[in-house]
Amino acid sequence: MKITFIGGGNMGSALISGLIRKGTDCGDIAVVEPDLDRRKLIGQEYGVRVYDEATIESMDCEAVLLAVKPQQLHQVASKLACLLENQLVVSIAAGIRATDLSEWLGGYKKVVRVMPNTPAQVSKGVSALYAMPGVEAKEMAETILSSVGSTIWLDEEEKMDAFTALCGSGPAYVFYFLEAMLEAAGIMGFDVVESRRMVLDTFSGSIALASESQDDAATLRRKVTSKGGTTERALLEMEKNGVKENIVKAILAAEERSREMGIELGNRSC
Ligand SMILES: NC(=O)c1ccc[n+]([C@@H]2O[C@H](COP(=O)([O-])OP(=O)(O)OC[C@H]3O[C@@H](n4cnc5c(N)ncnc54)[C@H](OP(=O)(O)O)[C@@H]3O)[C@@H](O)[C@H]2O)c1
């Protein structure tokens, strides 16, 4: 499959690197990137074809992956509209609805909207995909995104807001919890290097246990919590302060914000 990336920034590079690692020939990848230094870097690092702007030659592909900032997408789409023939257009721009993008592409309907998350940069991402009704060749989008982690197809675009709140923003919630544990480690006298190793190993070990175990999260938590022990004291403190309840509220607030941003971005970019 020949793929053209529009935008070779953080996420574009992560996807290119993932595809090449998974066996895509670098000759099948083209990147349109206006920034000269970035363009040179990508060309040298991955051996892919690079262009400073989208042309008929650069768009000779089966799939076009839009990896520019959401605010840049309207302008980019307007320019691409006349270069599209039958390519699948895959957008990873956060918050831009497929219907808005389709309109900016002059009514082009072969559009898949994707929301990846930042662990994609280390091939451990999870991406949600939504295809506009009638789109065939969805597997091309699947191939691209599965090169940097797992994928989940959504049957309704509205669910993208919930996915964004849960998994798009999710890494930040995990980092927030990490920050709290690291702060406690510092207060209890561990230095930065040892704290980082201990806390990260506790996280990755717990995730590995949760992934491999038949028990659900609540059961695993109970198994660490002995009556009258240290874990029980910590969890009682968290419950008293409504930590779990407030995390749920926070995620629902993020979903609401994602919905608002979809409207704002759709209107503002017109
Ligand atoms: N980073 C993530 O983890 C993540 C997660 C989910 C979704 N996303 C989405 O992925 C998209 C890209 O994010 P990013 O973090 O990779 O951004 P980024 O690092 O800023 O990359 C965007 C690149 O596109 C280039 N560009 C701008 N205008 C262009 C044009 N007309 N044609 C071709 N390239 C153009 C930019 O160049 P200039 O810098 O010169 O403008 C920049 O190098 C965003 O829409 C974001 O919402 C990212």
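Computed quantities for the displayed model
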read-out	value
For ASN117, residues with placed amide H under 5 Å, excluding near neighbours	VAL126
Most mobile listed residue (VAL114, VAL192, VAL122) in the chain, GNM with C-alpha springs under 10 Å	VAL192
Other-chain or far-sequence residues with amide H under 5 Å of THR151's (modelled H)	SER127
Positive-end extreme of charge dipole, the chain - chosen from ALA128, LEU265, LEU166 (charges on Cβ)	LEU166
Relative contact order, percent, the chain [alpha-carbon distance under 8 Å, six or more residues apart]	16 percent
Prolate/oblate/rounded label for segment 124-196 (Cα gyration tensor, a/c 1.5)	oblate
Point-charge dipole on Cβ atoms (K/R +1, D/E -1) for the chain, about Cα centre, debye to 20	440 debye
Accessible area of the chain divided out per residue, in Å², using a probe of 1.4 angstrom	57 Å²
Pair-distance profile P(r), taking every C-alpha pair of segment 69-209, with 5 angstrom steps and integer %	2, 9, 16, 17, 16, 11, 8, 7, 6, 5, 3, 1, 0
Segment 3-154: relative contact order in percent, alpha carbon pairs under 8 Å with at least 6 residues between	22 percent
Pairs from LYS124/LYS240; LYS159/LYS223; LYS138/LYS249; LYS138/LYS244; LYS22/LYS69; LYS124/LYS249 whose Cα-Cα separation, in the structure shown, is over 30 Å	LYS124/LYS240; LYS159/LYS223; LYS138/LYS249; LYS138/LYS244
Rule-of-thumb Rg ratio for segment 3-154 [Cα; 2.2 N^0.38 Å; N residues]	0.94
Percent accessible area from carbon and sulfur atoms, segment 80-197, protein chains only, probe 1.4 Å	59 percent
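The values are calculated or read from the model by the stated rules, or taken from the named source; none is laboratory data. The structure displayed is predicted, hence computed values, not measured ones. Don't worry about glycine lacking a Cβ; one is built from the backbone with ideal geometry, like all the others, and counts go over all protein chains shown. These accessible areas exclude ligands, DNA and RNA; they are computed on the full protein's heavy atoms, side chains included. Shrake-Rupley method; radii C 1.70, N 1.55, O 1.52, S 1.80 Å.
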